[in-house]
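The values are calculated or read from the model by the stated rules, or taken from the named source; none is laboratory data. Worth saying up front: this structure is predicted, and the values here are computed from it rather than measured. Cβ: placed from backbone, ideal geometry, glycine included. Neighbour counts: every protein chain shown.
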Amino acid sequence: DQQVKQNSPSLSVQEGRISILNCDYTNSMFDYFLWYKKYPAEGPTFLISISSIKDKNEDGRFTVFLNKSAKHLSLHIVPSQPGDSAVYFCAASAGNAGNMLTFGGGTRLMVKP
Amino acid sequence: SQTIHQWPATLVQPVGSPLSLECTVEGTSNPNLYWYRQAAGRGLQLLFYSVGIGQISSEVPQNLSASRPQDRQFILSSKKLLLSDSGFYLCAWSVRGGYTFGSGTRLTVV
């Protein structure tokens, strides 16, 4: 039973346009959400996070939106750059589960020049 | 500063051979430590986690085991590797909030 799902395994976007990566979750106890970026043969690196008390968090070209009623979050990258091409993982944690993260299956983003 | 070291970066092992991957953390004490595997074209699968020395929880029954002999050391092992053990193995630690991942080990079992 996947508690965090990224239903799009891949996404292709033109350079300069917006990339929107989606993530759905089922566990209503999740209260903290993160996005990680992973290049091949490297460990994932933290990108941006959002607490359930917010519905939006912005950091430069990256914005994460949280819709608690729909149990849905999304990562917006604008403008997209070729260097953004990577696999993006959505992750979630529940306050009563310590620091344990539950990851989605990842979405491979390809930004074409 | 807090850092995490994982080695080796790549490993090619024959079927039936043993495995030992090591992960060490610096700059923090009593971290929660994790081993993940990313199989080809798939997401991150939690294998083991540890909240303290000698405390190991297994998430998926398999051919692998983990040990935490010291506070900042986490070891992933196998007595006899299977072809299906091939993948990209990641160590991670957390204190509060998110994880910091190691650089990963690409294991190919042949």
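Of the conditions (1) surrounded by fewer than 20 Cβ atoms within 10 Å (Cβ to Cβ); (2) over 20 Å from A:ALA94 (Cα atoms), B:VAL51 clears all except one; give me its number.
(2)
Whether any residue in region A:89-107 is away from chain B (no Cβ under 14 Å), modelled with pLDDT of 95 or more and assigned to a strand (DSSP E or B) is what I want to check.
For region A:89-107, residues away from chain B (no Cβ under 14 Å), modelled with pLDDT of 95 or more and assigned to a strand (DSSP E or B): absent.
Criterion first (out of contact with any Lys or Arg (no Cβ under 7 Å at 6 or more places or on another chain) and among the aliphatic types (A, V, I, L, M)) does A:ILE77 satisfy it?
Numbers: out of contact with any Lys or Arg (no Cβ under 7 Å at 6 or more places or on another chain): no; among the aliphatic types (A, V, I, L, M): yes.
No.
Exactly one condition in (1) under 12 Å from the mean Cα position of the chain (by Cα); (2) at pLDDT below 95; (3) among the hydroxyl-bearing types (Ser, Thr, Tyr) is false for B:SER67; which is it?
(2)
Which residue out of B:LEU11, B:LEU19 is within 18 Å of B:LEU82 (Cα to Cα), at pLDDT 95 or above and within 13 Å of chain A (Cβ to nearest Cβ)?
The conditions single out B:LEU11.
Go through (1) closer than 28 Å to A:TRP35 by Cα; (2) surrounded by fewer than 20 Cβ atoms within 10 Å (Cβ to Cβ); (3) aliphatic (A, V, I, L, M) for B:ALA66 and report which single condition fails.
Failed condition: (2).
Are any residues in region A:15-52 touching a helix residue (DSSP H, G or I) at 6+ places or on another chain (Cβ under 9 Å) and within 10 Å of A:TYR88 (Cβ to Cβ), and if so, which ones?
Those that are touching a helix residue (DSSP H, G or I) at 6+ places or on another chain (Cβ under 9 Å) and within 10 Å of A:TYR88 (Cβ to Cβ): A:SER19, A:LYS37.
Just one of the numbered conditions (1) part of a strand (DSSP E or B); (2) more than 23 Å from B:TRP35 (Cα to Cα); (3) not aliphatic (A, V, I, L, M) is not true of A:SER80; which one?
That leaves (1) as the condition not met.
Go through (1) touching a Lys or Arg at 6+ places or on another chain (Cβ under 7 Å); (2) within 12 Å of chain A (Cβ to nearest Cβ) and name the single condition B:ILE53 misses.
All conditions are met except number (2).
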